[in-house]
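A quick write-up on the structure given underneath.
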Amino acid sequence: MPRTLLLLVLLVALLLELALTGGAFFAPAFTLKQFGVPYVPDTKFLAYIVGWLLLFVSLVAAVALVQVQRRRPGFATWCYLLGLWWIGIGIGIYFAFGKPDNLLLDSVKGLLIVVLTWRCQAARLMARRY
């Protein structure tokens, strides 16, 4: 059960990241507006960099999803990396900019991934013992 929930959370997270990535590349004015940044010539570069950063996070999420799906032993490293990244982003944006929606979306998503990864590992250890 934890593995199924982990796969579901990773899939939803991947879809959200891909949507944000597409927005950063194909609708940069709209995406920057969501972050409270006006779209002016000076921020075009920011939109481009944010797009590549989101693409990288999407790639890590895709790798983690595939690793969990294929039951690879190294899946936990990818999941913990991704989960801690999102927890850090959510907490950082909350304290730096006072946006609780990022705290909820990113930190809860990251916390779910970390906890479900831990549960998957515990289930694997219990299965090995018997």
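The values are calculated or read from the model by the stated rules, or taken from the named source; none is laboratory data. All values derive from a computational prediction rather than experimental measurement. When we count neighbours, we look across all protein chains shown, and the Cβ atoms used for this are built from the backbone with ideal geometry, even at glycine. Keep in mind that these areas ignore ligands, DNA and RNA; they rest on the heavy atoms of the full protein, side chains included. Shrake-Rupley method; radii C 1.70, N 1.55, O 1.52, S 1.80 Å.
At a glance:
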{"item": "C-alpha long axis of helix 44-69 to longest principal axis of the chain, angle in °", "result": "10"}
{"item": "Per residue solvent-accessible surface (Å²) - the chain, probe of 1.4 Å", "result": "64"}
{"item": "Those aspartates and glutamates that a straight Cα-Cα span of less than 16 Å connects to Lys109, excepting residues fewer than 8 apart in one chain", "result": "Glu17, Asp101"}
{"item": "Nearest-ten-degree value, helix 108-129 long axis tilted from longest Cα axis of the chain", "result": "20"}
{"item": "Accessible carbon and sulfur surface of the stretch 59-124 relative to its total accessible area, %, 1.4 Å", "result": "71"}
{"item": "Angle in degrees between helix 75-97 and the longest Cα principal axis of the chain, rounded to the nearest 10", "result": "40"}
{"item": "Within the chain, helix-based [θ] at 222 nm, where runs of 4 or more DSSP H residues each add -39,500 (n - 2.57), nearest 500", "result": "-27500 deg cm²/dmol"}
{"item": "Most mobile of Trp78, Trp52, Trp86 in a GNM of the chain (Cα contacts under 10 Å)", "result": "Trp52"}
{"item": "Taking the convex hull of Cα positions in the chain, its mean projected area over all directions (nm²)", "result": "8.1"}
{"item": "Gain upon complete extension [Ile49, Phe35; 0.36 nm per residue less C-alpha separation]", "result": "3.7 nm"}
{"item": "Charge context of Leu54, other residues only, Cβ under 13 angstrom, K/R +1, D/E -1", "result": "-2"}
{"item": "Using θ = phi - 60° and Karplus 6.51 cos²θ - 1.76 cosθ + 1.60, couplings along the stretch 98-106 (whole Hz; Gly, Pro as x)", "result": "x, 9, x, 5, 5, 4, 5, 5, 6"}
{"item": "Set of lysines with alpha-carbon distance to Lys33 below 20 Å, sequence-local pairs under 8 removed", "result": "Lys44, Lys99"}
{"item": "Length released on extending from Asp42 to Val115, taking residue separation times 0.36 nm less the Cα-Cα span", "result": "22.2 nm"}
